[in-house]
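A.B. asks: Got a structure for you, questions after.
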Amino acid sequence: MTRTTRATAWLCLASVAIVACGDDRSDVIARSAVPTPTTVVDGAPGAVGPPPSTPTDASAPASTVPTTEPTVTTVPLEDIDLTEPEIVRPELSVSIPISNVVDIDPNKPNRDYDEFVAAAFADIERWWAGVFPEVYGDEFVPLEGGVYAGYPERQTEIPGCGERQTAYEELQLFVAFYCNIGDFMAYDDGDGEFSLLAPLADTYGPAVMGVVLAHEYGHAIQERIGALDRPLATIVTEQQADCFAGAWTGQAYRGESDILRLGDSDVRAGLLAMLEVRDPVGTNQFTPGGHGSAFDRVGAFQVGFTEGPARCAELLDDVLPLMPNQFSDFGDEFLEGNAPYDCDELDPGLRDQLFPAGCTSAPFFLADDINHFWEVAFAGDFEPFQVFVADTLDAVTCSDARVVMPLAAICVADRSLIYVEPDVRELYDEFGDFTLGYVYGVAAAEFVQVEIDSPLEGEPRALLNDCYTGAWVRDITPDEQGRRGRSDVDLDGDGEEDTTVASSPGDLDEAIRMAILLGDLGANVDQVGSAFEKIDAFRTGVLGGLDACQTRFLDG
């Protein structure tokens, strides 16, 4: 996430100031405030906090501070697993020895996922035997060269793809691959320091292995239809393979297989796996070998899951939208796309080099920008909200509090957003700056739903919040010419473009991770939406904007 550098005047409460509360609470801290027509701060572009002559927190309007007991029940953070989904093993209707399906030797270590790998591969071929003639109008030819498991202990050779053999170290680099020379597949079955699949399966469940095999089998299908002989960018064939993997997962989830059945945790695990096998942040998707960001890969997977293999077949000529994934400048690349949570934590020399016009901490400029986004959307008729932090949501004491997620709540009348800073900061440091952006986006969207008197409740309301968050991301994501949705907006009438922020590579993936971590554990829970549903709603906003959110959630 980056901020433009045009000079701007705006009011900020000191980030470390304790806000005076009616009940003398000291556990709610002001994080930011928004521009007012009567009080501005003059100073360097991007300056954070008031100069000494500016009134500090003691003069903060009392209406911005929670003062009374909430009427809603918060969800204890300790009841939410913010790192990993619960592992529930897929249901297998048959037991197939792995040696009947995968080429192994006597030295292969036993893996907890072996039985699932055998069943998944058998089911993938069964599925393609049925859908290939329907989609392509031709007879299906199963994989002729088989599938190989590679591990350090293996003594027998794995065929090479253009060479005599594939060394295990090479297989580790590829993780898994399909080779049209010999029509075979191979996957890394090791569990060493540099292996990826076994740790993913241990963490998220064996369904990860099925998604990987289904993806690689998608390339075998491309060989059968002649796609690998076409001058297509790698990202195009990879998107289709992700789509095929989603289509196979979808049929197994819907109970259309007589070999295995996948559940909600398996789908969630597949989505998390996509986060782990994305291209490095900053990679141009059209670079040879590019597979796409998590946003790209999850999107293709979801298209296959919901629309099936016939839609996947169209993707070679009707490519799915791809979001920019390259850094815009040196500073953004140096910080790996993550704005500092607190500018004071940066080395002063480095800070001056990276931010010659002044460094603004992310909690401040994100609040400023999303308020500006909704002011523009409402043609200036949107009352901005202020942001506060606390150690727990117990600090939220307004009577009209709404808990928008386990990490944040809003006070409607006071136009206040309060988030749990220790937990949000931990996620920020681990995953990136748009974890905070997602919190702001969902909270702002709830203010909007109150503003428009939205009739939605429960899960549909939560999903519209995700969609609105995606619409904001769409607005701040530069197009091919580097322009953003509000590039020519002058809301304050000062004759200059209003300052906006720009999304950075990785921001979309961070939002997806938040949707996965905070979503319902199952599609039938219907509280805030499953991970799959939340990501789908978020993508609707990113790809279609506010109009798409309106059409999908309110006009129907």
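A.B. asks: Does GLY541 count as modelled with pLDDT of 80 or more and on the phi > 0 side of the Ramachandran plot? First the steps, then the outcome.
C.D. replies: Values: modelled with pLDDT of 80 or more: yes; on the phi > 0 side of the Ramachandran plot: no.
Here the answer is no, as GLY541 does not meet what is asked.
A.B. asks: Out of (1) within 28 Å of PHE140 (Cα to Cα); (2) free of Cβ contacts under 8 Å to residues at least 12 places away in the same chain, what's the single condition that is false for ALA167?
C.D. replies: Unmet for ALA167, out of (1) within 28 Å of PHE140 (Cα to Cα); (2) free of Cβ contacts under 8 Å to residues at least 12 places away in the same chain: (1).
A.B. asks: Now, a different point. Pairs please, first residue from region 536-556 and under 11 Å from LEU463 (Cβ atoms), second anywhere and assigned to a loop (DSSP other than H, G, I, E, B), Cβ atoms under 7 Å, 6+ apart in sequence or on different chains.
C.D. replies: ALA537/GLY529; PHE553/LEU456
A.B. asks: Given ASP466, ASP453, ASP507, which one is more than 23 Å from THR551 (Cα to Cα) and among the acidic types (Asp, Glu)? Steps first, answer last, please.
C.D. replies: Numbers: ASP466 fails: more than 23 Å from THR551 (Cα to Cα); ASP453 fails: more than 23 Å from THR551 (Cα to Cα).
One residue alone meets the criteria, ASP507.
A.B. asks: Give the residue, chosen from ASP266, ASP183, that is closer than 27 Å to ASN524 by Cα and either crowded, with 17+ Cβ neighbours inside 10 Å or more than 24 Å from the chain's Cα centre (by Cα) (or both). Quick ask: steps written out before the conclusion?
C.D. replies: Working: ASP183 fails: closer than 27 Å to ASN524 by Cα.
None of the other options fit; the residue is ASP266.
A.B. asks: Follow-up. Among the residues of region 536-547 satisfying the criterion of being over 18 Å from ARG484 (Cβ atoms), out of contact with any Asp or Glu (no Cβ under 8 Å at 6 or more places or on another chain) and not hydroxyl-bearing (Ser, Thr, Tyr), which is surrounded by the most Cβ atoms within 10 Å (Cβ to Cβ)?
C.D. replies: Residue satisfying both the conditions and the ranking: ARG539.
A.B. asks: Does region 164-173 include one or more residues that are at pLDDT below 95 and within 20 Å of LEU262 (Cβ to Cβ)?
C.D. replies: no
A.B. asks: Which of the residues that make up region 288-322 are assigned to a helix (DSSP H, G or I) and exposed (fewer than 15 other Cβ atoms within 10 Å of the Cβ)? Steps first, please.
C.D. replies: Filtering region 288-322 for residues assigned to a helix (DSSP H, G or I) gives 294-307, 309-313.
Scanning region 288-322 gives THR306, ALA310.
A.B. asks: From PRO455, PRO422, grab the single residue that is surrounded by fewer than 24 Cβ atoms within 10 Å (Cβ to Cβ), assigned to a helix (DSSP H, G or I) and modelled with pLDDT of 90 or more.
C.D. replies: Selected residue: PRO422, the only one of PRO455, PRO422 that is surrounded by fewer than 24 Cβ atoms within 10 Å (Cβ to Cβ), assigned to a helix (DSSP H, G or I) and modelled with pLDDT of 90 or more.
A.B. asks: Turning to a different aspect of this structure: Return only the number of the condition from (1) outside any helix (DSSP H, G or I); (2) more than 20 Å from GLY545 (Cα to Cα) that ARG351 does not satisfy.
C.D. replies: All conditions pass for ARG351, except number (1).
A.B. asks: Also, I was wondering about something else. Here is a list: LEU228, LEU275, LEU271. Which entry is assigned to a helix (DSSP H, G or I), under 17 Å from the mean Cα position of the chain (by Cα) and surrounded by fewer than 19 Cβ atoms within 10 Å (Cβ to Cβ)?
C.D. replies: LEU275
A.B. asks: Here is a further query. Does GLU139 qualify as being without any contact (Cβ under 8 Å) to a residue 60 or more places away in the chain and over 20 Å from VAL212 (Cβ atoms)? Give the derivation first.
C.D. replies: On the way: without any contact (Cβ under 8 Å) to a residue 60 or more places away in the chain: yes; over 20 Å from VAL212 (Cβ atoms): yes.
The answer is yes for GLU139.
A.B. asks: Is it the case that region 336-346 has a residue that's over 30 Å from ILE235 (Cα atoms), surrounded by fewer than 16 Cβ atoms within 10 Å (Cβ to Cβ), without any contact (Cβ under 8 Å) to a residue 40 or more places away in the chain and not assigned by TED's automatic domain parsing to the domain that holds ARG254? Outline the logic, then answer.
C.D. replies: Filtering region 336-346 down to residues over 30 Å from ILE235 (Cα atoms) leaves 340-346.
Subsequent filtering for residues that are surrounded by fewer than 16 Cβ atoms within 10 Å (Cβ to Cβ) retains 342, 344-345.
Then keep just the ones that are without any contact (Cβ under 8 Å) to a residue 40 or more places away in the chain; that gives 344-345.
If we keep only those that are not assigned by TED's automatic domain parsing to the domain that holds ARG254 too, we end up with 344-345.
Yes, because at least one residue in region 336-346 is over 30 Å from ILE235 (Cα atoms), surrounded by fewer than 16 Cβ atoms within 10 Å (Cβ to Cβ), without any contact (Cβ under 8 Å) to a residue 40 or more places away in the chain and not assigned by TED's automatic domain parsing to the domain that holds ARG254.
A.B. asks: When you scan region 503-525, how many residues do you find that are surrounded by 21 or more Cβ atoms within 10 Å (Cβ to Cβ) and not in a helix (DSSP H, G or I)?
C.D. replies: Going through region 503-525 one residue at a time, the tally reaches 5.
A.B. asks: Tell me yes or no: at least one residue of region 150-161 is acidic (Asp, Glu), at negative phi and in contact (Cβ under 8 Å) with a residue 40 or more places away in the chain.
C.D. replies: Filtering region 150-161 down to residues acidic (Asp, Glu) leaves 153, 157.
Retained after the next criterion (residues that are at negative phi): 153, 157.
With in contact (Cβ under 8 Å) with a residue 40 or more places away in the chain added as a condition, the list becomes 153.
Yes; the residues of region 150-161 include at least one that is acidic (Asp, Glu), at negative phi and in contact (Cβ under 8 Å) with a residue 40 or more places away in the chain.
A.B. asks: For region 392-407, indicate whether the set of residues that are closer than 22 Å to ARG474 by Cβ and in the same structural domain as SER504 (by TED's automatic domain parsing) is non-empty. Can you show your working first?
C.D. replies: As a first pass, look at region 392-407 and keep what is closer than 22 Å to ARG474 by Cβ: 404-405.
Checking which are in the same structural domain as SER504 (by TED's automatic domain parsing) leaves us with 404-405.
Within region 392-407, one or more residues are closer than 22 Å to ARG474 by Cβ and in the same structural domain as SER504 (by TED's automatic domain parsing).
A.B. asks: Residues GLY246, GLY218, GLY190, GLY210: which one is outside any helix (DSSP H, G or I), in contact with a helix residue (DSSP H, G or I) (Cβ under 8 Å, 6 or more places away or on another chain) and surrounded by 17 or more Cβ atoms within 10 Å (Cβ to Cβ)?
C.D. replies: Working: GLY246 fails: outside any helix (DSSP H, G or I); GLY218 fails: outside any helix (DSSP H, G or I); GLY210 fails: outside any helix (DSSP H, G or I).
Matching residue, one of GLY246, GLY218, GLY190, GLY210: GLY190.
A.B. asks: One residue is enough: does region 282-291 have a residue meeting the conditions under 30 Å from ARG89 (Cβ atoms) and modelled with pLDDT under 75? Talk me through it step by step, then tell me what you get.
C.D. replies: Here is the first cut: in region 282-291, the residues under 30 Å from ARG89 (Cβ atoms) are 291.
Right, trim to modelled with pLDDT under 75 and you get 291.
Yes, because at least one residue in region 282-291 is under 30 Å from ARG89 (Cβ atoms) and modelled with pLDDT under 75.
A.B. asks: Shifting gears a bit: Restricting the search to region 316-369, which residues are of a type in the set (D, E, K, R), over 26 Å from the mean Cα position of the chain (by Cα) and within 25 Å of LEU427 (Cα to Cα)?
C.D. replies: The answer is ASP344, GLU345, ASP347, ARG351.
A.B. asks: Moving on to the next point. Just need a number here: residues in region 323-334 that are crowded, with 20+ Cβ neighbours inside 10 Å and not in a helix (DSSP H, G or I).
C.D. replies: Residues of region 323-334 crowded, with 20+ Cβ neighbours inside 10 Å: 323, 325, 327, 332.
Subsequent filtering for residues that are not in a helix (DSSP H, G or I) retains 323, 325, 327.
Counting residues in region 323-334 that are crowded, with 20+ Cβ neighbours inside 10 Å and not in a helix (DSSP H, G or I) gives 3.
The values are calculated or read from the model by the stated rules, or taken from the named source; none is laboratory data. Quantities reported herein were computed from a predicted structural model and do not represent experimental measurements. FYI the Cβ positions are ideal-geometry reconstructions off the backbone, even for glycines, and counts take in every protein chain you see.
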